[in-house]
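Single-structure report; data block below.
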Amino acid sequence: MLTSGGWLLAAGIGLAPAVPEPVATEEPAIELAGPGSTEPEPSEPEGGALASPQRPAEGEGPSSGEGATVPPEPEPSEPEPAEPAEPSPEPPTTYDPTLDLPVAYDDEVPPRAASDDDDADDDGLDRRGFFFTLGTGLGHCAQDFCSPIPMGGVGRLELGVRLTRLALVGSVVGGGGLADPDESGDRAIRFLSAGAGLQWLPVREGRVDPFLGATIGYSRVARLEDPDSTRDRQYASRAAVRLSGGIAWILGRRVTLGPRFDVELPFGGRWCTAFADDSGSEDDCSSIGDDILGPIEDDLDRRRQRRSFPRPWALTLDLRVTI
């Protein structure tokens, strides 16, 4: 029989809650991969994401008796191709005029400094600067006024400044000659002219230096009845255009020498006759245009009379020196 104490113990046991028994779980066996076996693929956890491996805490690790499972490393994914970088915009440029200048290469001759020889061409002639010309030669005229002399001598002095192909000049030409001894009487012819103008020199290099020129000025041609006296004379005092042409050979850097031909074309002016006696001399002058040619009505006679007035010419050898 149970005593009162036993009944109390049984009642207490009956009132205690029941403790469930532990259920034994079987761990899956881990098969080691052999040479011919294939490594099982890790199962993908729920949610589609791979579980990241957890580092074991200190003091924990696989037991010596149990094999630890190492999760396989994920295969590296192929890198996505990089998008090409957009080209950066070029900075705005400004125009540099020096870039258009020609570049001097090593095989080119570098520019040299200016010197006094820059005015001289390859032939060595100074074709710029001040110059003077001395000339001598023969002079005459084709009209009857000059027929008493076979040929006269003339001289020239010319001053000018040359600007490469053009030259400003001023000149004086004078001369004359005695009459032919076979002619009756002692007579002489005198020439004098002065003028200023231009010369054109087309050649800039070479051994010759040709030119053409024209001047305008004063012209006087006189015929003396007595060479030892100027009291009895006839003369034409007129304006005139002198046309010139010549060619010069280069003798040095500053010197040329060559022939030159000039002809005068007078116009207007006066025709004068001078007489002398014991009481003195007196000049009787007439206007060529109004008094001599004006009253002539026939054109042919007027032209013939106009051409009878002297038009001198000269052929000289000129020496030009550039200063």
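Numerical summary
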quantity	calculated
Two-site label geometry, Val161 and Phe261: point separation in nm, points 7 Å out along Cα→Cβ	3.2 nm
Cα pair count fraction exceeding 22 Å, expressed as % - region 243-323	55 percent
Centre separation in Å (Cα based) which lies between region 121-169 and region 193-210	10 Å
Whole-Hz couplings from phi, Karplus 6.51/-1.76/1.60, listed for region 191-204; x for Gly and Pro	10, 8, 8, 8, x, 9, x, 10, 10, 10, 10, x, 8, 10
Radius ratio Rg over Rh of region 125-277, counting only Cα atoms, Kirkwood formula for Rh	1.05
Heavy-atom accessible area ranking, 1.4 Å probe, most first, across Phe132, Phe191	Phe132, Phe191
Accessible area per residue, Å², region 199-323 with all protein chains present, probe 1.4 Å	56 Å²
Packing rank of 311-322, 204-215, 139-150, where each peptide gets the mean count of other beta carbons within 10 Å, highest leading	311-322, 139-150, 204-215
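The values are calculated or read from the model by the stated rules, or taken from the named source; none is laboratory data. In this text, all values refer to a predicted model and were calculated from it rather than measured experimentally. All Cβ positions, glycine included, derive from the backbone under ideal geometry; neighbour counts span all protein chains shown. Heavy atoms of the whole protein, side chains included, go into the accessibility calculation; ligands, DNA and RNA do not. Shrake-Rupley method; radii C 1.70, N 1.55, O 1.52, S 1.80 Å.
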